[in-house]
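Everything on this sheet refers to the single structure shown next.
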């Protein structure tokens, strides 16, 4: 298993244990213009707050863990979390 896939599995495990609807969670992997591996986590709208946490503390901790693990493999990562509804709104705005 390569490093980005191993990090995706770790992220999936952490997120699934924080949310109420793990069957609705998806994690997409891509690469941004800087060459960093991008993880886009889509959740049910009511689960987003569980992953972000109070004042963003939970998502900050998840990002810190992912960044530390990615650094051991010599890669850079980016993590974005949102609901499917937010993704649809962004796509509609970009299409206009």
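Where a number appears in this text, it was derived from the coordinates with a stated rule and is not lab data. Since the structure is predicted, the reported quantities are computational estimates derived from the model, not experimental observations. Cβ coordinates were reconstructed from backbone atoms using ideal geometry, including for glycine residues, and neighbour counts include every protein chain displayed.
Looking only at residues in the range 10-33 that are under 12 Å from the mean Cα position of the chain (by Cα) and more than 16 Å from residue 61 (Cα to Cα), the one that is surrounded by the most Cβ atoms within 10 Å (Cβ to Cβ) is 25.
Restricted to the range 34-71, and to residues there that are touching a strand residue (DSSP E or B) at 6+ places or on another chain (Cβ under 8 Å) and in a loop (DSSP other than H, G, I, E, B), the residue that is surrounded by the most Cβ atoms within 10 Å (Cβ to Cβ) is 44.
Scanning the range 14-33 for residues that are within 15 Å of residue 81 (Cα to Cα) and assigned to a helix (DSSP H, G or I) yields 14, 15, 16, 22, 24. Looking at this structure, is residue 7 over 18 Å from residue 83 (Cβ atoms) and surrounded by 14 or more Cβ atoms within 10 Å (Cβ to Cβ)? The answer is yes for residue 7.
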